[in-house]
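What follows is a single structure, written as structure tokens, with notes after it.
The values are calculated or read from the model by the stated rules, or taken from the named source; none is laboratory data. In this text the structure is predicted, and so the values were computed from the model without any measurement. When the accessible area is computed, the model is the full protein with side chains, heavy atoms only, and any ligands, DNA or RNA have been set aside. Shrake-Rupley method; radii C 1.70, N 1.55, O 1.52, S 1.80 Å.
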Amino acid sequence: RNIKRAWVVMGGWGTVTSSGLMFLLIAAVQTFSSAVIAYGFAKTEFPGRKILFALMIATFIIPDQVTFMPRYLMFREYGMLRTYLPLLLPAALGNGIRNAIFILIFYQFFRMMPKALDEAAMVDGAGFLRVFVTVSIPLAVPAIVVVFIFSFVWHWNETFLTDLYFGNAIGTLPLLLERFTDNYTKIFPPNVNNPMAVLNEGIRMAATLITVLPLLVMYIL
């Protein structure tokens, strides 16, 4: 009974599907952009490379509380609030949540790869892009798995920015868990004749289990 009531309050399959697909897409996009940026830093030499790399590291040092207001105003000006774009676009451009650490993971991985592999592929006629796709990416599967899981988990657990950008237009499981008490009393108002309808710790724990379950499934897979 607790799980059924929590499932109704949390939005059922609609919320689970929308949350899962949204964060899977964001994690996939962030993983790809991080790999591309890291490959450029690790395998190429260009003017200002060290300066740009230092600026990229600096984005990890600056906390989100410093930048959330100008970002919020920018996304509001562009009409992107209450959509997925405030999380998706930064992830696609290498400036998503904790993106710098993902770039560093790929950067170290690509730096450890022998240059002889790239040179052998180029001797066979492969260009820069083909070397990246057919040689470096298949060898970087461990880094891809780590970055993808971390990106998904950190976006999933990020309630401050999602609440700020989405408002009440988009409900994710962690956000609905924060609002669980208010939503529960609206759907199941207190009833003296039915004491089982009163919100209790068992129902709260059932809602927590529903929120954590997708992460457990991902780790198992």
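Are there any helices in the chain, counted as whole DSSP H runs, that stretch 15 Å or more along their axis by Cα and score at least -0.5 on average by Kyte-Doolittle, and if so which? Display every interim value, and only then the final one.
On the way: long enough: 12-43 (46 Å, 1.12); 49-61 (19 Å, 1.78); 64-77 (19 Å, -0.41); 99-112 (20 Å, 1.39); 141-157 (24 Å, 1.72); 201-220 (27 Å, 1.59).
Span-like helices here: 12-43, 49-61, 64-77, 99-112, 141-157, 201-220.
Would you please calculate the Kirkwood hydrodynamic radius of the range 32-106 over all C-alpha pairs and express it in Å, rounded to one decimal? Before the final figure, lay out each step's value.
Details: mean 1/r = 0.0744 Å⁻¹.
So the Kirkwood estimate lands at 13.4 Å.
Work out Dmax and Rg for the range 109-185 from the C-alpha atoms and quote the Rg first, both in angstrom.
Here Rg and the maximum Cα pair distance are 21.2, 68 Å.
Hey, what's the range 1-97 come to in accessible area per residue, 1.4 Å probe, Å²?
Details: 5640 Å² over 97 residues.
So the range 1-97 comes to 58 Å² accessible per residue, rounded to a whole number.
Using only helices, what value at 222 nm comes out for the chain when you add -39,500 (n - 2.57) per DSSP H run of length 4 or more and divide by the total residues, to the nearest 500 deg cm²/dmol? Before the final figure, lay out each step's value.
Values: 13 runs with 160 residues, N = 221.
Per the formula, -22500 deg cm²/dmol.
What accessible area per residue, rounded to a whole number of Å², is obtained for the range 136-221 using a probe radius of 1.4 Å? Please list the in-between numbers first.
On the way: 4600 Å² over 86 residues.
Accessible area per residue: 54 Å².
Expressed as a whole percentage, what fraction of the accessible surface of the range 1-138 belongs to carbon and sulfur atoms when a 1.4 Å probe is rolled over the protein heavy atoms? Provide the component values of the computation, followed by the final result.
Numbers: 5560 of 8120 Å².
Carbon with sulfur: 68 percent of the solvent-accessible area.
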